Amino acid sequence: QVQVVESGGGLVQAGGSLRLSCAASGIMLSIKTMGWHRQVPGKQRELVAAVVSGGTTNYADSVKGRFTISRDNAKNTVYLQMNSLKPDDTAVYYCNVATWGYSDYWGQGTQVTVSS
């Protein structure tokens, strides 16, 4: 059974930091990309950051220089270090795992709230 489990969300003041973690298990195919997306009510889910198996990373312009994505391939785990958080970063953050076999998995989401 495939599981994608996020942790690390919470409430933080503007300027603070949070670290999100996501662990994937039960996935039989090799994982190509692990990433984080976020969504606020009434808006489309948007990519925050992603990392491919070789280490190439991609960030949304709004988080460049503040967020860092990293990955532990041996543990099928991805992390998102979020610094200098802003109220606009408030959202539900979802972990996404994509395999080389074009399968796609999502976590249940973790709430991040940044107070001004």
Failed item in (1) closer than 21 Å to Leu11 by Cα; (2) outside any strand (DSSP E or B); (3) open to solvent by 20 Å² or more (accessible area, probe 1.4 Å), with His37 passing the rest:
(2)
Six or more apart or on different chains, Cβ under 7 Å: which pairs go from a residue in region 53-68 that's farther than 21 Å from Gly101 by Cα to one that's hydroxyl-bearing (Ser, Thr, Tyr) and modelled with pLDDT of 95 or more? Could you list them?
Arg66/Ser84; Phe67/Tyr59
Would it be correct to say that Leu20 is open to solvent by less than 50 Å² (accessible area, probe 1.4 Å) and either part of a strand (DSSP E or B) or at pLDDT 95 or above (or both)?
yes
Does Lys32 fit the bill of being of a type in the set (D, E, K, R), open to solvent by 50 Å² or more (accessible area, probe 1.4 Å) and in contact (Cβ under 8 Å) with a residue 12 or more places away in the chain?
yes
Sort out which residues of region 81-116 are in a helix (DSSP H, G or I) and loosely packed, with under 13 Cβ neighbours inside 10 Å, and write them in order of number.
Pro87, Asp88
Quick one: how many residues across region 64-80 are open to solvent by 40 Å² or more (accessible area, probe 1.4 Å) and aliphatic (A, V, I, L, M)?
1
Members of region 69-80 found to be outside any strand (DSSP E or B) and without any contact (Cβ under 8 Å) to a residue 24 or more places away in the chain, listed by number
Ala74
Number of the exception - Leu29 against (1) in a loop (DSSP other than H, G, I, E, B); (2) under 16 Å from Val2 (Cβ atoms); (3) modelled with pLDDT of 95 or more; (4) touching a strand residue (DSSP E or B) at 6+ places or on another chain (Cβ under 6 Å)
(3)
Restricted to region 62-103 and to residues being within 13 Å of Val114 (Cα to Cα) and among the hydrophobic types (A, V, I, L, M, F, W, C), the residue farthest from the chain's Cα centre (by Cα) is Leu85
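The values are calculated or read from the model by the stated rules, or taken from the named source; none is laboratory data. Since the structure is predicted, the reported quantities are computational estimates derived from the model, not experimental observations. Quick reminder, even Gly has a Cβ in these numbers, built from the backbone with ideal geometry, and neighbours come from all protein chains shown. These area figures cover heavy atoms from the full protein model, side chains too; ligands, DNA and RNA do not enter into them. Shrake-Rupley method; radii C 1.70, N 1.55, O 1.52, S 1.80 Å.
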